[in-house]
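Worksheet: the structure to be examined is printed underneath.
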Amino acid sequence: MIRWTKMLLISVSVWSLYWAVAAWGLRQGLDGWFAEQQRQGWQADYATLRTSGYPLYHHHRITTPALADPGTGTAWRADWLDIRSLALWPGTVTLLLPPTPQRFSYFDSTAILHAEGLRAELQLAPGSALDLEQLHMMARNWTIQSNGKPELSGQAVLLEMTRTDAQNHYQIHADAQGVSPHPLLRQRLAATEGLPERLETVTLDMNVGFDTSWNRSAIELRRPQPRQISLHLAEARWGPMRIKATGELRLDETGLPEGDLALQVENWQDILQMAEASGSLHPTARSGIERVLRVFAGLGGNHRDLDLPLTLRSGYVTLGPLPIGPAPRLILR
């Protein structure tokens, strides 16, 4: 019995020493990272850094962190940030963020995020680069505000990102429930019958090839930029409206996409009717658009659904035979 007690005490002492040394090393690493970003010209500040979690975790709470990159004009500020990792392997990391306002800025534009239960679980590869193997992020009851007014909100959101066998390629899945669109859009569609206040679901499933890997340099230097997108499914449902898209896109170094997407719109006539009732579409314009789309709907054999190719070429977008306008540049700031 005495022998086992001694062995237990030795084991506890060794583990406690390891935990303390590892906690000190992680704390020094966080301090050094903030100092290095300041040396690079960033604003990188925080008020306090506290460590807890013994014996199974290393739990670091950073209060009032603030980061601003003058090179890209992006900035972030929050009341606190919790970083929790397994004591046995620091590559399994959980980030916990506050329900209080978080401020995201891009030069003079600022968005404020309120989110309950916002957390991100990361699996990082061994090595100093800390390559991202897997990301699982979730939140509920979130709201994005700009200029003191709500822009977008939702009841729940989930984002998953997993590195594939192909170099710098990631499988990305996003799902948002109960999304409430911009108040101006809801107000314009207020007179539309049968349209719920929130979108039932918004889903995105795709494989994205980036120009570099997602690792610590994605924060320190530049964000990896998408160069190839295989869109398995993008879907949105809002009352009678249901829109789905699949296809392939290639992006040049300026973020300009080229490729073809297959777009399917269910109950497209109801959508035109709602657009006209809201004042977004003039009755004369609706009549002309409806005549053209009716022809393409008939080709598929189902007059209620519409299948159209969405083509992006030379900086412009066309929907079937209808020109839409300039193509957006997809750039991660």
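Annotations
- Tally, over the stretch 237-269, of residues that are in a helix (DSSP H, G or I) and buried (at least 18 other Cβ atoms within 10 Å of the Cβ): 1
- The single condition among (1) among the polar types (S, T, N, Q); (2) in contact with a His (Cβ under 7 Å, 6 or more places away or on another chain); (3) surrounded by fewer than 16 Cβ atoms within 10 Å (Cβ to Cβ) that SER85 does not meet is (3).
- If you go through the stretch 96-111 and keep only what is of a type in the set (A, V, I, L, M) and surrounded by fewer than 17 Cβ atoms within 10 Å (Cβ to Cβ), you end up with LEU96, ALA111.
- Test: residue in the stretch 209-230 that is farther than 16 Å from PRO257 by Cα, of a type in the set (Val, Ile, Thr) and over 16 Å from the mean Cα position of the chain (by Cα): yes
- For the stretch 205-226, filtered to residues that are of a type in the set (A, V, I, L, M, F, W, C) and in a strand (DSSP E or B), the residue that is nearest to ALA129 (Cα to Cα) is PHE210.
- Count of residues meeting criterion [surrounded by fewer than 17 Cβ atoms within 10 Å (Cβ to Cβ), in contact (Cβ under 8 Å) with a residue 40 or more places away in the chain, in contact with a helix residue (DSSP H, G or I) (Cβ under 9 Å, 6 or more places away or on another chain) and of a type in the set (S, T, N, Q)] in the stretch 32-79: 1
- The stretch 145-183, subset acidic (Asp, Glu) and closer than 19 Å to ILE229 by Cβ, residue surrounded by the fewest Cβ atoms within 10 Å (Cβ to Cβ): ASP165
Table: residues versus (1) polar (S, T, N, Q); (2) under 28 Å from GLN43 (Cβ atoms).
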residue: SER105; (1), (2): yes, yes
residue: ALA115; (1), (2): no, yes
residue: ALA120; (1), (2): no, yes
residue: GLN134; (1), (2): yes, no
residue: MET138; (1), (2): no, no
residue: SER146; (1), (2): yes, yes
residue: LYS149; (1), (2): no, yes
residue: GLU160; (1), (2): no, no
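- Residues that are within 30 Å of HIS114 (Cα to Cα) and in contact with a Phe, Trp or Tyr (Cβ under 6 Å, 6 or more places away or on another chain) are absent from the stretch 1-23 altogether.
- Within the stretch 316-330, residues that are closer than 10 Å to LEU256 by Cβ have Cβ atoms under 9 Å from residues that are polar (S, T, N, Q) and surrounded by fewer than 13 Cβ atoms within 10 Å (Cβ to Cβ) in these pairs: ALA327/SER314; ARG329/THR254, counting only partners at least 6 apart in sequence or on another chain.
- The lone exception for PRO126 - which of (1) of a type outside the set (Ser, Thr, Tyr); (2) closer than 25 Å to LEU88 by Cα; (3) at pLDDT 90 or above it fails: (3)
- Any hit, the stretch 63-77, residues being at pLDDT below 95 and farther than 18 Å from ARG223 by Cβ: no
The values are calculated or read from the model by the stated rules, or taken from the named source; none is laboratory data. Note that the structure is predicted; figures quoted are calculated from it, not measured. No Cβ is skipped: glycine too gets one built from the backbone with ideal geometry, and neighbour counts run over all protein chains shown.
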